[in-house]
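Engineer: Just dropping this structure here.
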Amino acid sequence: MDTADLPFLTVTELQRRLRARELTPREVVDTLAARIEAVDPAIHAYLSTDLDQARRDADAADVSLPLGGVPIAIKDVISVAGQPCGCASHILDGYVAPYDATCIARLRAAGAIPFGRLNMDEFAMGSSTENSSKGATLNPWDTTRVPGGSSGGSAASVAARTAFASLGTDTGGSIRQPAALCGVVGLKPSYGRISRYGLVAFASSLDQVGPFTKTVEDAARLLGVMSGLDPHDSTTLDAPVPDYAALLTGDIKGLKLGLPKEYFISGIDPQVEAAVRAAVDHYTKLGAEIVEVSLPHTEYAVAVYYIVATAEASANLARFDGVRYGHRARDTSGLLDFYGKTRAEGFGPEVKRRIILGTYVLSSGYHDAYYLQAQKVRTLIRKDFEDAFQTVDALICPTSPVPAFKLGEHTQNPLAMYLQDIFTIAANLAGVCGVSLPCGFAQVDGKDLPIGLQLLGPSFDEARLLQIAHAYEQTTDWHTRRPS
Ligand code: GLN
């Protein structure tokens, strides 16, 4: 085949051609390398690539495996043995991961080639990738705008066709929101579906790894490979891993979709609302029944999240002290001065803000008023979802209240940035699964900006969630459009 078209293939199609020997894994890596060289300077999705290793892996690839010979780009927060893992933070400058995360080991066992480190907000804290210490990633649809975050590099690389698929993480929306802003598919699996072993922890009770892809079918394939019990992560569930891709029948007749009334609020961009409402109508035509539901504690989700997530982050980030790896301050006097200066120099402003907030909400005297109270409200939020899923198979709503915003638009106002996740955060607090897929475009300043449709499903019901997403995708063509 003409390798000019190669970067535009889905994982599924790429794999088919590799198996049919129409292509070799080496040609795939070479073509992708050329594409990255040509396109990435305008986007800055990649922090680094190890193409020599990727070529060696390609030469050894077994194309009969489920993802044999397929290169996959990785967010800079997931450990790949021998590659840098810096979380886009100065504090981890020079750190190289000594082992593979479980999700990476499983991708490798399925024949995939993990290569390339993708930009992100430092330690996954942010919604725009502007908090990266390595410079922002730009949105391929309009390079004056952000790609979303924190997995901005993961979304932008798939949108720019400099990656066939990528991995990101979602603690409060960091897969779904950038997927929406870049016009690709982003899947946040249920908490406990994919092992977190080898993922640098931000908020351990919320973090999940998931795929970015061009299609729902590709997401299903990656999910199937990475899911399942892992003795290294006691929060993974010992539940069977279905053949997700095989279950994509296209038929959703009789399924019930819930329209959460709290997710259609004032302040949502009219073009986003119109596109999501049109998607709801489309589902009616496909035979789904739409019912209005209520998730009454939604309004507390952002507040609860910024207590729980910062509390966990303040504990998780205590390990970065410069003693064994990463950045070390010079000219210090004594241990405390060394810790203080190392951390002051190594962490960026948003990470420091979160550590201070998290330490505060856990401190004696405030712990009960903030942290404990937030945990109680979290239980109510989880119960909202459980109640809703008694009557509906999935929820349908916008992923983000607005399309991609301008670089710098919210950097001086952390609260405005935090509100970007208003529709994604509750799902993490509840542990349920969610996906964002393209459902239209907003016209802003003469540019087309992608709009994301969010579907949320009960814990461990990714099969149903993907089936619902796939039925929409297969009867629309939003996912086939790509930035010029
Ligand atoms: N934007 C949210 C935050 O800043 C969510 C980030 C994430 O999911 N990692 O915390």
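Just so it is clear, none of the values below were taken in a lab; they were calculated from the coordinates. Since the model is a prediction, treat every value here as computed from it, not as a measurement. Please note: Cβ atoms are built from the backbone with ideal geometry, for glycine as well, and neighbour counts cover all protein chains shown.
Engineer: What nm value, rounded to one decimal, do you get for the distance between residue 353 and residue 443 when each label is placed 7 Å out toward the C-beta?
Structural biologist: Placing both labels 7 Å beyond Cα along the Cβ direction yields 3.5 nm.
Engineer: Ordered by residue, what ³J(HN,Hα) values in Hz, to whole numbers, does segment 425-440 give under the Karplus form 6.51 cos²θ - 1.76 cosθ + 1.60, where θ = phi - 60° and Gly and Pro are x?
Structural biologist: In residue order, the calculated couplings are 5, 4, 4, 5, 4, 8, x, 7, 9, x, 9, 10, 9, x, 9, x Hz.
Engineer: For each of 350, 273, 217, count neighbouring Cβ atoms within 10 Å of the residue's Cβ, then give the residues from fewest to most. Before the final figure, lay out the partial values.
Structural biologist: Values: 350 18, 273 15, 217 21.
Placing the least packed residue first, the sequence is 273, 350, 217.
Engineer: Which pairs, out of 188/285; 75/352; 261/352; 75/383, put more than 24 Å between their alpha-carbon atoms?
Structural biologist: Details: 188/285 27 Å; 75/352 21 Å; 261/352 36 Å; 75/383 32 Å.
The pairs that break the limit, which is 24 Å between Cα atoms, are 188/285; 261/352; 75/383.
Engineer: How many times 2.2 N^0.38 Å is the alpha carbon radius of gyration of segment 27-150? Intermediate values should be presented prior to the final figure.
Structural biologist: Working: Rg = 14.7 Å, N = 124, 2.2 N^0.38 = 13.7 Å.
It is 1.07.
Engineer: Report the far tail of the P(r) of the chain, meaning the percent of Cα-Cα pairs longer than 45 Å. Spell out each step's value before the answer.
Structural biologist: On the way: 7844 of 116886 pairs.
So the portion of pairs separated by more than 45 Å is 7 percent.
Engineer: What order do you get for 64, 436 when you list them from fewest to most C-beta neighbours inside 10 Å? Spell out each step's value before the answer.
Structural biologist: On the way: 64 11, 436 36.
Going from least to most buried by this count: 64, 436.
Engineer: For a footprinting-style exposure proxy, rank 75, 341, 285 by other Cβ within 10 Å, fewest first. Please report the intermediate quantities before stating the final value.
Structural biologist: Working: 75 31, 341 17, 285 8.
Least to most surrounded, the residues fall as 285, 341, 75.
Engineer: Extension gain residue 48-residue 285, at 0.36 nm per residue separation less the Cα-Cα distance, in nm? Walk me through the numbers on the way to the answer.
Structural biologist: Values: separation 237, 0.36 × 237 = 85.32 nm, distance 4.53 nm.
Contour length minus the Cα-Cα distance gives 80.8 nm.
Engineer: Just for the chain, what percent of DSSP beta bridges are antiparallel, to the closest 5? Before the final figure, lay out each step's value.
Structural biologist: On the way: 33 of 46 bridges.
Of those bridges, close to 70 percent are antiparallel.
Engineer: Tell me, what HN-Hα J-couplings in whole Hz come from the Karplus equation 6.51 cos²θ - 1.76 cosθ + 1.60 at θ = phi - 60° for each residue of segment 348-362, using x for Gly and Pro?
Structural biologist: Taking θ as phi minus 60°, the curve returns x, x, 5, 5, 4, 4, 5, 5, 5, 4, x, 5, 5, 5, 9 Hz for segment 348-362.
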